[in-house]
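Down below is the structure, laid out as structure tokens.
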Amino acid sequence: MALPRVVAVAPGSPADRAGVLPGDEIVALDGQLPRDIIEYQLLADQAELGLEVNRGGVELSVLVRREGGEPLGLEVDAALFDQVRTCDNHCEFCFIHQLPKGMRKSLYVRDDDYRLSFLYGNFTTLTRFTEADLERVVTEGLSPLFVSIHATDPEIRARMLRNRRGATSLRWLRALLDAGVEVHGQVVVCPGVNDGEVLEGTLAGVLDEYPELSSVACVPLGVSRFNREQSMRPHSPGEAAAVVALVEDWQGTYLDCLGRRLVYAADEYYLLADRPFPPLESYGAVAQHDNGVGMARAFEATFNGRDIEGELGEKGPSGFFRSVEGAPTTGYRSERANCAGGGEVRFRRRAWSGTTVLTGTYGARVLAPVLAALGEEAQVLAVRNDFFGGNIGVAGLLTGSDLCAALAGLPGDRRYLLPDSCLSGGRFLDGLTVDDLPWPVEVVPADGASLRRALLGEPAMAGAR
Ligand code: SF4
């Protein structure tokens, strides 16, 4: 069990007043060492808290006094202090198996931990879920959770997960729903494996067996150039159109039976099928925004000044970096006085010849029509993902090397903006940083309102994590 290390103390907070310092390791809260940030939060939720810390090998006791429910003011370096529960599956579509060798270790962790599902929105297959986990989820109110369904047919699901337990682990989904836990599901659709009739059967199975699910996202298989699974291939435009048609058909059925659409096709499907995105209103609470569902319409709406914060719900770190490297979770983090690569960025005002927004090939197709309203000044550059290759086109998987190549031939008198979703701890997936790029690049949060503010030259909070 690793001791949680303090990485930031909010100035003036109870922890700051008690003398806790960044670098301190938390040995115990009121005599107990929490297993994770959830237990930590529960233990810390009292007016007076005895904290034991290890400072450079010396154990110290401090008394933290909180007034009127103020937050403790500590940020620690990890969400789980015991071991992350890794998955016992061997899915042929697993993206972690499609990563090149030599990337940082944390990117290869195949987690299947309900706590990360609660904290970050990671999807869990429930193949390692237990009675004790169910009890904890229910008693501590760990809701919503995010469950990978893939297929409701037990044999097909077990085959896709390459794990016998895949045939039976959806019984935990039933138990979670019975206990009133809010659950969102996803189906990673692999062409020729669980699309067509299998997907039809899965959506019927959801209606029969799990109608309380809050949402189900159908997302396309990502295939990198490092894929070694012969049967895994990207969707053709026709196959993407068929998924969209099937999902929209089932939305009608769900609307008739449940009064809500329930199932949604990821934005990527609409791009692949060259179909317009459905209106924002049809996405309901846009609950799977971070899973690429309704993201394009939400971006467009926020860019045009519509406040949909409430509609999107609480957002945490998004994209591939959800839980790797102990990224802090919304609700459990204190304000950092000076976050790495972040803080307030005042855009340099000089005589730029215009602004170029760098993004992935999919993002560019969403941004281009939205930015067109600003005229020639603002342009979008679709950066091809040669690092991963295959059908990888999302901005969150852009790497420093591909950005270097894209920027190399561009003029230095333009302003370059980059969404923060491709950075974690200030680094790209390939380990490069924005300082390695040939031209200065300003990192902006990956939402429409922030990008609009940045394009209009207003200060924005850079969200590099
Ligand atoms: S459950 Fe997730 S992490 Fe595990 S093998 Fe399947 S896709 Fe990969």
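The values are calculated or read from the model by the stated rules, or taken from the named source; none is laboratory data. For clarity, every value in this text was computed on a predicted model and none was experimentally measured. Cβ: placed from backbone, ideal geometry, glycine included. Neighbour counts: every protein chain shown.
Of all positions in region 61-78, none carries a residue that is touching a His at 6+ places or on another chain (Cβ under 9 Å) and either in a loop (DSSP other than H, G, I, E, B) or within 11 Å of the ligand (Cβ to nearest atom) (or both). Taking region 148-161 as the range and being within 15 Å of the ligand (Cβ to nearest atom), without any contact (Cβ under 8 Å) to a residue 60 or more places away in the chain and not in a loop (DSSP other than H, G, I, E, B) as the test, the residues that pass are SER148, ILE156, ARG157, ALA158, ARG159. Within region 95-113, if we keep just the residues that are within 21 Å of PRO4 (Cα to Cα), within 13 Å of the ligand (Cβ to nearest atom) and not in a loop (DSSP other than H, G, I, E, B), the residue that is modelled with the highest pLDDT turns out to be ASP111.
Here GLU92 passes the criteria (1) away from the ligand (no atom under 16 Å from the Cβ); (2) part of a loop (DSSP other than H, G, I, E, B) except the one numbered (1).
Annotation: of all residues in region 253-284 being among the hydrophobic types (A, V, I, L, M, F, W, C) and touching a residue at least 40 places away in the same chain (Cβ under 8 Å), the one that is surrounded by the most Cβ atoms within 10 Å (Cβ to Cβ) is ALA265. Can you find a residue in region 131-147 that is within 14 Å of the ligand (Cβ to nearest atom), of a type in the set (S, T, N, Q) and touching a residue at least 12 places away in the same chain (Cβ under 8 Å)? No, region 131-147 contains no residue that is within 14 Å of the ligand (Cβ to nearest atom), of a type in the set (S, T, N, Q) and touching a residue at least 12 places away in the same chain (Cβ under 8 Å). Report whether or not ALA368 is in contact with a strand residue (DSSP E or B) (Cβ under 9 Å, 6 or more places away or on another chain) and free of Cβ contacts under 8 Å to residues at least 24 places away in the same chain. Yes. The residues of region 185-196 that are more than 15 Å from ARG159 (Cβ to Cβ) and more than 16 Å from the ligand (Cβ to nearest atom), listed by number, are PRO191, GLY196. Please go through region 162-175 and give me each residue that is within 15 Å of the ligand (Cβ to nearest atom) and either within 16 Å of SER117 (Cβ to Cβ) or assigned to a loop (DSSP other than H, G, I, E, B) (or both), ordered by number. Those that are within 15 Å of the ligand (Cβ to nearest atom) and either within 16 Å of SER117 (Cβ to Cβ) or assigned to a loop (DSSP other than H, G, I, E, B) (or both): ARG162, ASN163, SER169, LEU170, TRP172, LEU173. Taking first residues from region 438-449 that are under 12 Å from THR356 (Cβ atoms) and partners that are of a type in the set (Gly, Ala, Ser) and surrounded by fewer than 17 Cβ atoms within 10 Å (Cβ to Cβ), the Cβ contacts under 7 Å between residues at least 6 apart in sequence or on separate chains come to TRP439/GLY412. Every listed requirement among (1) of a type in the set (Lys, Arg); (2) away from the ligand (no atom under 16 Å from the Cβ); (3) assigned to a loop (DSSP other than H, G, I, E, B) is met by ARG128 save one, (2).
Restrict the check to region 339-362 and report whether at least one residue is at pLDDT 75 or above, among the aliphatic types (A, V, I, L, M) and part of a loop (DSSP other than H, G, I, E, B).
Taking region 339-362 first, the residues at pLDDT 75 or above are 352-362.
Narrowing the set further to residues that are among the aliphatic types (A, V, I, L, M) leaves 357-358.
Now drop any that are not part of a loop (DSSP other than H, G, I, E, B), which leaves none.
No: region 339-362 contains no residue that is at pLDDT 75 or above, among the aliphatic types (A, V, I, L, M) and part of a loop (DSSP other than H, G, I, E, B).
Condition check: part of a strand (DSSP E or B) and either more than 14 Å from the ligand (Cβ to nearest atom) or modelled with pLDDT of 95 or more (or both). Does VAL181 satisfy that?
For VAL181, the condition - part of a strand (DSSP E or B) and either more than 14 Å from the ligand (Cβ to nearest atom) or modelled with pLDDT of 95 or more (or both) - is not met.
Note on region 369-446: enclosed strands (runs of 3 or more DSSP E) holding 2 or more residues that are not hydrophobic (A, V, I, L, M, F, W, C) are 415-419.
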